[in-house]
2 protein chains.
Amino acid sequence: MSGKPTPLSGFPELLPAERVVEQQVIDTLRRVFELHGFAGIETRVVEPLDRLAKGGEIDKEIYGLHRLQGEAEGRDVDPSRQLGLHFDLTVPFARYVLENSGKLEFPFRRYQIQPAWRGERPQVGRYRQFTQADVDIVGQGELGFHHDVEVMRVMVAAIAALPFPPVSFQFNNRKLIQGFYRGLGLTDVTAAIRVIDKLDKMPREVVVEQLTTLAGASPEQAEQCLRLASIRASDTSFVEEVRALGVEDDLLETGLTELAAVIEGCAAAASDRVSVEANLRIARGLDYYTGTVVEIFMAGYEHLKSVGGGGRYDALADDGKNTYPGVGVSLGVSRTVVPLVADGVLSASRSVPSAVLVALATEESRPSSEAVAAALRSRGIPCEVAAAPQRFGKQIRTAERRGIPFVWFPADAETNHHVKDIRSGDQVEADPALWTPPDQDLRPQVVVSPSSTIKETQ
Amino acid sequence: MSGKPTPLSGFPELLPAERVVEQQVIDTLRRVFELHGFAGIETRVVEPLDRLAKGGEIDKEIYGLHRLQGEAEGRDVDPSRQLGLHFDLTVPFARYVLENSGKLEFPFRRYQIQPAWRGERPQVGRYRQFTQADVDIVGQGELGFHHDVEVMRVMVAAIAALPFPPVSFQFNNRKLIQGFYRGLGLTDVTAAIRVIDKLDKMPREVVVEQLTTLAGASPEQAEQCLRLASIRASDTSFVEEVRALGVEDDLLETGLTELAAVIEGCAAAASDRVSVEANLRIARGLDYYTGTVVEIFMAGYEHLKSVGGGGRYDALADDGKNTYPGVGVSLGVSRTVVPLVADGVLSASRSVPSAVLVALATEESRPSSEAVAAALRSRGIPCEVAAAPQRFGKQIRTAERRGIPFVWFPADAETNHHVKDIRSGDQVEADPALWTPPDQDLRPQVVVSPSSTIKETQ
């Protein structure tokens with residue numbers, strides 16, 4: 001196959017230096033998740049279509065698979081035998097838990113960093129293939145509330161360890177909302193949540209009107225709903241603000257207590273770049289959440305909407321014998337990294353792992369250069385030997401183009417080994433068995449550009 | 001979706017402890033590849049069908065993709081717009097090189113560890129989804145032969161760093177074969193290679209007969225072909241054995257020199273468990289190889305055929321302006337790891353990352369236990385806090401079931417902090433700001449069972 005191919009819309013790919021950034025983001029997430037005892041798993045990328053379907057409805061955004069050799073015979077119509085690519089990591093995780101429930105220890109903490117696929121039309125910040133990082137804790141039969149705090153704090157700690165622009169975790173609690181609406185005397189709580197969820201997209205008056213027409217609220221009840229939804233606080237002061245609205249309900253009280261615990265627990269892991277907030281208009285449309293809910297936003301990328309989210313679900317999975325409650329949160333790795341590298345906010349100090357280019361005087365002296373490289377590698381120093389015995393000036397420029405900081409000149413009959421820092425021009429005698437580059441030069445570094453203009457390129 | 005799901009044939013998934021093994025294999029490969037200056041990339045999993053097709057023919061084993069929402073409209077028939085899952089990592093790499101040729105530095109060293117898919121019927125050692133680890137070096141216009149030695153040596157070093165059963169690299173060179181056949185006076189060199197390639201599957205007499213009937217060889221020429229194919233050596237002594245057959249040809253000489261250089265270069269990276277051999281019957285059927293070829297075998301798993309392979313191709317890709325020669329080798333990660341864990345040859349010392357379970361005296365004392373965990377994590381020690389304040393004996397058994405070596409008992413009004421090694425039962429006073437587990441307990445270890453019965457479970 002020849003001819004220059006063109007990129008496929010919605011399937012972003014990274015150049016080697018950009019992949020350094022993504023890989024370091026993934027490595028950092030993994031390190032923090034593992035520090036907190038989360039086990040990494042990987043699931044197959046396909047599920048039977050009947051598992052991907054929600055409530056019997058096949059979601060429109062799924063890629064189905066067909067064997068090309070099966071074309072002639074026509075495709076199987078049984079949705080338990082047809083396969084599709086998973087569109088998130090929650091559906092496969094729930095299936096994995098059910099399939100292996102006898103072999104897992106509960107509560108089961110797992111992280112999973114894998115791509116998912118959606119066949120939808122690509123748009124800004126939305127891709128057809130995208131990598132996600134999920135952490136979840138799942139119990140068998142029961143799962144204590146304190147795990148809500150635990151799993152959210154892990155993601156706060158993980159993002160605090162990333163070189164991202166400021167990130168905000170905005171928490172709410174479905175019990176709080178439901179209890180408030182119930183205490184208020186609203187009968188159609190679900191409809192009210194659905195309307196309030198549109199508060200950022202519609203004028204206030206339309207929301208009030210829809211609360212009246214669609215959720216059966218009186219004008220006073222609608223106003224109370226809006227007052228609740230306008231409460232935001234970076235500490236637990238929201239509890240008093242809600243109480244000041246004068247609504248009383250047991251479920252509301254539970255929700256307030258839980259949300260306060262999440263805010264306090266996560267604040268401990270927050271940093272100057274990761275903030276935690278109670279935002280009482282966050283609902284997350286999906287109706288299976290039953291307690292804690294969260295959406296994650298990144299400063300300068302508000303047009304991407306949330307870059308992550310999650311919450312508590314009392315029935316992540318059910319095998320007829322047991323129910324498996326879970327709580328988890330997902331971060332969009334592609335959703336954040338692809339625009340951050342495209343906009344130059346994050347870049348890598350070099351495009352290759354090599355810290356050293358070992359120069360080559362003549363093709364005949366290749367074994368001497370290889371010996372230097374082997375000595376450096378045996379002590380964990382990544383390096384490469386020049387491809388051809390060009391003039392040393394040319395070899396230095398090769399290192400420059402790749403961002404390799406050091407060029408090594410092997411000893412010959414007249415001179416000893418020398419190593420040159422090509423950034424400063426400093427050249428020193430060195431022993432391949434002893435010389436070590438500064439720590440920060442050993443691996444490619446992720447460089448944060450504070451002055452980068454933030455604009456999304458798809 | 002409820003009900004217990006069943007595994008999908010051909011899509012192996014690993015339990016958390018098994019995934020520890022796979023992850024450590026991947027981490028080790030990556031570390032060695034990077035030490036040698038190979039940059040990691042990841043490509044999208046889909047390619048247009050016309051790129052996956054070989055010479056216009058759609059391979060039978062490809063999974064095609066269709067958008068479920070596009071069902072009604074019928075599928076696009078233009079193969080440049082239809083997508084399929086890649087079946088190896090070479091096709092997407094070649095496309096990536098062409099697409100980004102202006103942004104890459106050549107020679108470009110890359111590694112890629114990703115799944116690939118084949119829609120074929122699953123059989124022993126063959127999966128529908130399988131992870132591969134590929135290293136390749138690609139040049140623009142030209143690529144010196146010494147890169148053959150370089151890339152093969154990297155894979156030898158990488159596998160030597162893995163806890164695998166003995167692995168054998170069996171090398172040959174297509175120039176050597178072609179030159180020998182040409183010097184012998186055979187006219188249909190390709191047909192002869194195709195016949196000799198079946199030497200392991202057919203009786204010697206049939207091969208001789210087919211060489212005569214299919215490749216136009218005389219009985220004497222056929223015998224010479226078989227003599228060449230029977231030569232094997234773990235050093236460069238094969239050169240004299242070939243010369244003793246009395247065939248003379250320039251291309252044969254080049255092939256002998258190249259193969260000798262590969263054998264010598266790789267022997268330097270070999271170990272007591274990774275051996276390197278010249279095996280002159282290795283041809284690798286695929287006809288685009290033009291020099292070095294290699295197949296990799298694992299002791300006890302010969303029934304899987306090769307667990308990896310590769311070689312030199314003078315035209316990995318071509319964009320009409322430039323040709324991109326390449327040399328590379330691929331290791332089947334699933335092909336090796338899945339049977340090794342299924343057979344109990346490799347296992348993990350525990351199923352969770354946690355080195356410490358911090359015990360919980362009462363639900364009210366959770367903040368004290370969390371504080372111990374935070375202190376340990378700040379020094380890089382993975383840990384988890386007990387889910388519930390059960391009797392300590394029960395908490396210790398939880399740690400045992402997960403393979404966690406240490407249980408920490410936080411200080412209370414009467415006693416100081418204690419940590420117990422639950423394997424020995426030893427318990428000592430400890431300070432959360434100072435105590436560190438032995439290095440080998442910090443992360444789950446891969447355990448090699450020397451006495452494991454080797455049998456494949458699919």
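Can you give the convex hull volume per residue for the Cα atoms of region A:166-300, as a whole number of Å³?
99 Å³
Could you pull the copy-to-copy label distances for residue B:425, with points set 7 Å along Cα to Cβ, in nm to one decimal and sorted shortest first?
Ordered by increasing distance: 7.1 nm.
Please report the antiparallel percentage of the DSSP beta bridges confined to chain B, to the nearest 5.
Among the beta bridges of chain B, antiparallel pairing accounts for roughly 80 percent.
Along the Cα→Cβ direction, 7 angstrom out, place labels at residue A:200 and residue A:145. What is the inter-label distance in nm?
My value for the distance between the label points is 2.7 nm.
Which entries of A:321/B:305; B:201/B:321; A:4/A:394 have Cα-Cα distances beyond 32 Å here?
Values: A:321/B:305 43 Å; B:201/B:321 42 Å; A:4/A:394 29 Å.
Result: A:321/B:305; B:201/B:321 exceed 32 Å.
Using the Cβ atoms and a cut-off under 13 Å, what net charge is assigned to the surroundings of residue A:265, where Lys and Arg are +1 and Asp and Glu are -1?
That works out to -4.
For B:379, A:391, A:227, what's the fewest-to-most ordering of other Cβ within 10 Å of each Cβ?
A:391, B:379, A:227
Listing B:319, B:134, A:439 from the residue with the fewest other Cβ atoms within 10 Å to the one with the most, what is the order?
The order, fewest Cβ neighbours first, is A:439, B:319, B:134.
Determine the equivalent ellipsoid of the protein assembly as shown by diagonalising the alpha-carbon gyration tensor, then write out the semi-axes as square roots of 5 times the eigenvalues, largest first, rounded to whole Å.
Details: eigenvalues 564, 203, 157 Å².
The three semi-axes for the protein assembly as shown are 53, 32, 28 Å.
HN-Hα J couplings of region B:393-402 from phi, Karplus 6.51/-1.76/1.60, θ = phi - 60°, integer Hz, Gly and Pro as x?
3J(HN,Hα) across region B:393-402, in whole Hz: x, 5, 5, 5, 5, 4, 4, 4, 4, 8.
Taking the Cα centre of the protein assembly as shown as origin and charging only Cβ (+1 Lys, Arg; -1 Asp, Glu), how large is the dipole, in debye to the nearest 20?
660 debye
For chain B, what relative contact order do you get, as a whole percent, if you take Cα pairs closer than 8 Å and at least 6 residues apart?
17 percent
Considering the Cα positions of chain B, please state its Rg to one decimal place and its Dmax as a whole number of Å.
Every Cα atom of chain B included, Rg and Dmax give 27.3, 95 Å.
Whole-Hz Karplus ³J(HN,Hα) for region A:181-193, in order, using 6.51 cos²θ - 1.76 cosθ + 1.60 and θ = phi - 60°, x for Gly and Pro?
Result, ordered by residue: 4, 5, x, 6, x, 6, 8, 9, 4, 4, 5, 5, 4 Hz.
Compute the angle between helix B:16-35 and the longest alpha-carbon principal axis of chain B, please, reported from 0 to 90 degrees and rounded to the nearest 10.
In chain B, helix B:16-35 runs at an angle near 60 degrees to the longest axis.
Mind checking the angle between helix A:219-229 and chain A's longest principal axis? C-alpha axes, 0 to 90 degrees, to the nearest 10.
20 degrees
So how far, in whole Å, is the C-alpha centre of region B:323-362 from the one of region A:321-380?
20 Å
Considering only the other residues whose Cβ falls under 10 Å of the Cβ of residue B:386, what net charge follows from Lys and Arg at +1 and Asp and Glu at -1?
Surrounding charge for residue B:386 is +1.
Once amide H atoms are placed 1.01 Å from N in the peptide plane, what residues at a sequence separation of 5 or more from residue A:14, or on another chain, have their amide H within under 5 Å of its amide H?
Result for residue A:14 returns B:42.
Check residue A:447: other-chain or 5+ apart residues with amide H under 5 Å from its amide H, H built from backbone geometry?
Excluding prolines and chain starts, which carry no amide H, the hits are A:347, A:348, A:349.
Using the number of other C-beta atoms within 10 angstrom as an exposure proxy, rank B:434, B:15 with the fewest first. The partial results should precede the final answer.
Working: B:434 8, B:15 16.
By the 10 Å Cβ count, ascending, the order reads B:434, B:15.
In percent, what relative contact order does region B:104-248 have, based on Cα pairs under 8 Å that are 6 or more apart in sequence?
It rounds to 15 percent for region B:104-248.
Which shape class applies to region A:356-442: rounded if a/c is under 1.5, otherwise prolate when a/b exceeds b/c and oblate if not, where a ≥ b ≥ c are the square roots of the Cα gyration tensor eigenvalues? Display every interim value, and only then the final one.
Working: a/c = 1.38, a/b = 1.11, b/c = 1.24.
Because its axes are fairly even, with a/c under 1.5, region A:356-442 counts as rounded.
What does the charge add up to near residue B:213, with Lys and Arg as +1, Asp and Glu as -1, over the other residues with Cβ less than 13 Å from its Cβ?
Details: positive: B:194; negative: B:188, B:205, B:209.
Value of the local net charge: -2.
Can you show me the helix-derived [θ] at 222 nm for the protein assembly as shown, built from DSSP H runs with n ≥ 4 at -39,500 (n - 2.57) apiece and divided by the number of residues, rounded to the nearest 500.
-10000 deg cm²/dmol
Non-local amide H neighbours of residue A:292 (under 5 Å, H modeled in plane, Pro and chain starts lacking H): which ones?
Amide H to amide H, under 5 Å and 5 or more residues apart or across chains, residue A:292 pairs with A:174, A:312.
Excluding residues fewer than 8 places away in the same chain, name every one of the aspartates and glutamates whose C-alpha is closer than 17 Å to that of residue A:198.
Partners found: A:188, A:209, A:223, A:287, A:295, A:302.
Charges on Cβ only, +1 for Lys and Arg, -1 for Asp and Glu, centred on the Cα centroid of region A:356-442; of A:367, A:382, A:413, which one is farthest towards the dipole's positive end?
A:382
Read the figures in this text as sums done on the coordinates, not as results from a lab. All values derive from a computational prediction rather than experimental measurement. Every residue, glycine among them, receives a Cβ derived from its backbone with ideal geometry; neighbour counts consider all protein chains shown.
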